[in-house]
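Heads up: the structure comes next, in structure tokens.
The values are calculated or read from the model by the stated rules, or taken from the named source; none is laboratory data. Nothing here was measured: the structure is a model prediction, and the numbers come from that model. Quick reminder, even Gly has a Cβ in these numbers, built from the backbone with ideal geometry, and neighbours come from all protein chains shown.
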Amino acid sequence: MVLNIICITLVSLGILFFLGGAVGILRFPDFYTRMHAAGKGDTISIFLIFLGIAIYQLHDFSVANILVAGKILFISLFIMLTSPTSTHALIRAGYEEGLKPWIRKPTKGQPDS
Amino acid sequence: MYRFAIFLLLFGIWIIFSGQFDAFHLALGILSSIFITVISSEFFFADRSRTLRKRLREICLFPGYFLWLLYQIFLSNLHILKLALSPRGMKQIEPSVVRIKTKLRTDFGRYLLANSITLTPGTITINIQEDELVIHSISEHTAIGVKDGAMEGRISKVFEEGEI
């Protein structure tokens, strides 16, 4: 029962972060800022969701289930290694092609930074 | 010595991934681990000048850094979530390109710093040129987080003790 509550909380939190990423892609102003939302909302949400699934696996406690939970955590570890790399590759390609980052125009009364 | 450590590492991974403990699977694991160690042990741990003791210390300290990183990722994800979902969030977006100098000497340390910066939302490493990192940051708040160098300090504590 307690396990179920923990799992549901973790998975819903993960889904909430996914939602933030998706809305961010739509709302943010340019390529770079969209990559912020696209590339990394995923890492924490996938980690949370997989943590929830791994804990769910431990319902009936046995060596096989612990191994399965470990493998699930390994998946999220690999995603954490590769996701920033691909984000970096995309951003760098954009930067080297000379795409200008969007910069907020200084409004009246605010000093130009 | 290094070869034996690599063998143990590979065999441990085999045991975790196969999940079978009968004689046949274990023997198969030992054979394939030996084979891989023989043909490709040079590719693991390219820098052999450091002692195994030092490596072990790094391995023990790394989980601490990882947990701290997870906490940071969580915090800054909340920040991004706020920016994306709240109606006023759009006004707080102030993209800027930040350049910082790093004190880290080893390639692995720099790689880890760049990856950690990219992992914490709001900042992405665009490029590493020698000891300068070019970082794109989404708002004022995240730019400050990069500039104060807390992450760099932790990495150097774990991986480059006494080398700076």
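One table, with the values for the structure above:
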{"read-out": "Selection count where residues are more than 7 Å from every other protein chain (Cβ to nearest Cβ) and at pLDDT 80 or above, scope the range B:69-78", "value": "6"}
{"read-out": "Odd one out for A:ALA54 among (1) within 11 Å of chain B (Cβ to nearest Cβ); (2) among the small types (Gly, Ala, Ser); (3) farther than 22 Å from B:LEU78 by Cα", "value": "(1)"}
{"read-out": "Qualifying residue in the range B:107-126 (condition: over 14 Å from A:LYS40 (Cα atoms), surrounded by 13 or more Cβ atoms within 10 Å (Cβ to Cβ), at pLDDT 80 or above and among the β-branched types (Val, Ile, Thr))", "value": "yes"}
{"read-out": "Test: residue in the range A:27-34 that is in contact with a strand residue (DSSP E or B) (Cβ under 6 Å, 6 or more places away or on another chain) and at pLDDT below 90", "value": "yes"}
{"read-out": "Conditions (1) assigned to a helix (DSSP H, G or I); (2) at pLDDT below 85; number of the one not met by A:LEU99", "value": "(1)"}
{"read-out": "First in the range A:70-83 and within 8 Å of another protein chain (Cβ to nearest Cβ), second anywhere and in a helix (DSSP H, G or I) and of a type in the set (Lys, Arg), Cβ under 6 Å, 6 or more apart", "value": "none"}
{"read-out": "Every residue from the range B:57-83 that is under 17 Å from B:VAL146 (Cα atoms) and in contact (Cβ under 8 Å) with a residue 24 or more places away in the chain", "value": "B:TYR65, B:TRP68, B:LEU69, B:GLN72, B:ILE73, B:SER76, B:ASN77, B:HIS79, B:ILE80"}
{"read-out": "Selection from the range B:108-158 of residues that are within 18 Å of A:PRO101 (Cβ to Cβ), more than 13 Å from chain A (Cβ to nearest Cβ) and not in a helix (DSSP H, G or I)", "value": "B:GLU132"}
{"read-out": "Filter result (surrounded by fewer than 20 Cβ atoms within 10 Å (Cβ to Cβ) and either β-branched (Val, Ile, Thr) or facing chain B (nearest Cβ under 7 Å) (or both)) within the range A:10-28", "value": "A:VAL11, A:ILE15, A:VAL23, A:ILE25, A:ARG27"}
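Condition check ((1) more than 7 Å from every other protein chain (Cβ to nearest Cβ); (2) modelled with pLDDT under 85; (3) out of contact with any strand residue (DSSP E or B) (no Cβ under 7 Å at 6 or more places or on another chain); (4) not in a loop (DSSP other than H, G, I, E, B)) across all residues:
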| residue | (1), (2), (3), (4) |
| --- | --- |
| A:ILE44 | no, yes, yes, yes |
| A:LEU48 | yes, no, yes, yes |
| A:ALA64 | no, yes, yes, yes |
| A:SER113 | yes, yes, yes, no |
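Each row is one residue, and each column tells you yes or no for (1) over 17 Å from the mean Cα position of the chain (by Cα); (2) surrounded by 13 or more Cβ atoms within 10 Å (Cβ to Cβ); (3) aliphatic (A, V, I, L, M).
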residue: B:LEU28; (1), (2), (3): yes, yes, yes
residue: B:GLU42; (1), (2), (3): yes, no, no
residue: B:LEU69; (1), (2), (3): no, yes, yes
residue: B:PHE74; (1), (2), (3): no, yes, no
residue: B:GLN92; (1), (2), (3): yes, yes, no
residue: B:VAL98; (1), (2), (3): yes, yes, yes
